[in-house]
Amino acid sequence: MAPKRTICVIVNAGSGTGHDAEAEERLRRLFEAHGATAFVCLAGGPGDRGGLAGAIEAALARGPDVVVAGGGDGTVSAVAAALASTSVALGVLPLGTLNHFARDLGVPPDVESAARAIVEGPRRTIDVGEVNGRAFINNSSLGLYPDIVRDRERQQQRLGRGKWLALVWASLATLRRFPFLGVRLVVDGRERRFRTPFVFIGNNSYRMEGFAIGGRDRLDAGTLSLYVAQRAGRLRLLQLALRALAGRLRQARDFEAIEAVEIVVESRRRRLHVALDGEVTVMTPPLAYRIRPGALTVVQGPAAPAG
């Protein structure tokens, strides 16, 4: 018989509908029922002082075979960044709202099936994107998207609006400002200049048409995908912003799509708001993007596309 996998599960207590100690115990029993030795930690719950970073550090100290990220894309991205270039595999429990990465990895949407896949599924290596030393597993963007996310979070915190209502109001407020970003892009050594409302850089290529818009056929092709929006009117920008927020970008006349290994973004602005897997941070340009082929070991879901 194969040896038991030692699995550490990190659950973001603020993801989805939230979690508690009872849910923590149910998860532990679920993994052990499938033959694993499991430890479960709620990050961000009552009495948690270390937060997500502390939970990741504690999980790695146990020397596990797999660290499981239970939450949305932001939680998964944080755990993946810590595991990149290590021998510890990443497992994903899709407990967030959109779960883009889990879908691309072929992880079943229900928790029980996902747990079984993590215990029994094969391992593979996939690529990781990086900008100025910060890792991302889905995508990074500048312009409209970070502005909308920041405004949405302010409305949720100050006005108590729900996520989707806040999203609509934030999109409208951002479009009223009609922001454009002047950038100089150096793409695999070739220079391009744009005045654009939106720059999107993906870890591998995104599907831009068909019924599964926004997904990826491969996570190990060793390329970045660059999508730059040209100047457009407010209505077109609204459509673009809503598709981007839903992970449903589509190549059209307002987009230029390029595949590359290295991308440098330069701007006259001293600081840029940059979205990394849905979380917004502030960075100082130039922004140096690169692909790290095969940097992350993952437990593949049963519905994952072939490498």
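Taking amide H atoms as placed 1.01 Å from N in the peptide plane, the amide H of Arg216 lies under 5 Å from those of Arg207, each 5 or more residues away in sequence or on another chain. Between amide H atoms placed 1.01 Å from N, distances below 5 Å from Leu224 occur with Asn204, Ala260, Val261, all of them 5 or more places distant or on a separate chain.
Stretching Arg269 away from Asp110 to a fully extended chain increases their span by 52.8 nm, per 0.36 nm per residue minus the current alpha-carbon distance.
Once the Cα-Cα distance is subtracted from the 0.36 nm per residue extended length, the Thr6 to Arg62 segment shows a gain of 19.3 nm. As a fraction of the 1.4 Å probe accessible area of segment 257-307, surface on carbon and sulfur atoms comes out at 46 percent.
The relative contact order of segment 258-302 comes to 39 percent, based on Cα pairs under 8 Å that sit 6 or more residues apart.
Spin-label model, Arg292/Val186: points 7 Å from Cα along the beta carbon direction are separated by 2.2 nm.
Using a probe of 1.4 Å on the protein chains alone, the accessible area found for Ile118 is around 10 Å².
Roughly how big is segment 54-115's charge dipole about its Cα centre, with Cβ charges of +1 (Lys, Arg) and -1 (Asp, Glu), in debye to the nearest 20?
Values: 2 positive and 6 negative charges, 20 e Å.
The calculated dipole for segment 54-115 is roughly 100 debye.
Accessible surface of Glu22, taken over heavy atoms with a 1.4 Å probe and every protein chain present, rounds to 120 Å². Where the alpha-carbon atoms of segment 93-137 are placed on the principal axes, they occupy 37, 25, 13 Å, in descending order. Couplings for segment 116-121, taken from phi via the Karplus curve 6.51 cos²θ - 1.76 cosθ + 1.60 with θ = phi - 60°, read 5, 4, 5, 6, 9, x Hz in order; Gly and Pro are left as x.
Taking R0 as 45 Å, what's the FRET efficiency between Glu25 and Thr281 from their Cβ-Cβ distance, rounded to 0.05?
The calculated FRET efficiency here is 0.85.
Overall, the anisotropy analysis places segment 35-137 in the rounded class: the square-rooted eigenvalues a ≥ b ≥ c of its C-alpha gyration tensor yield a/c less than 1.5.
The values are calculated or read from the model by the stated rules, or taken from the named source; none is laboratory data. Remember, predicted model here, so these are calculated numbers, not experimental data. Methodologically, a virtual Cβ is constructed for each residue, glycine included, from the backbone with ideal geometry; neighbour enumeration extends over all protein chains shown. Note: accessible area is taken over every heavy atom of the protein model, side chains too, but ligands, DNA and RNA are not part of it. Shrake-Rupley method; radii C 1.70, N 1.55, O 1.52, S 1.80 Å.
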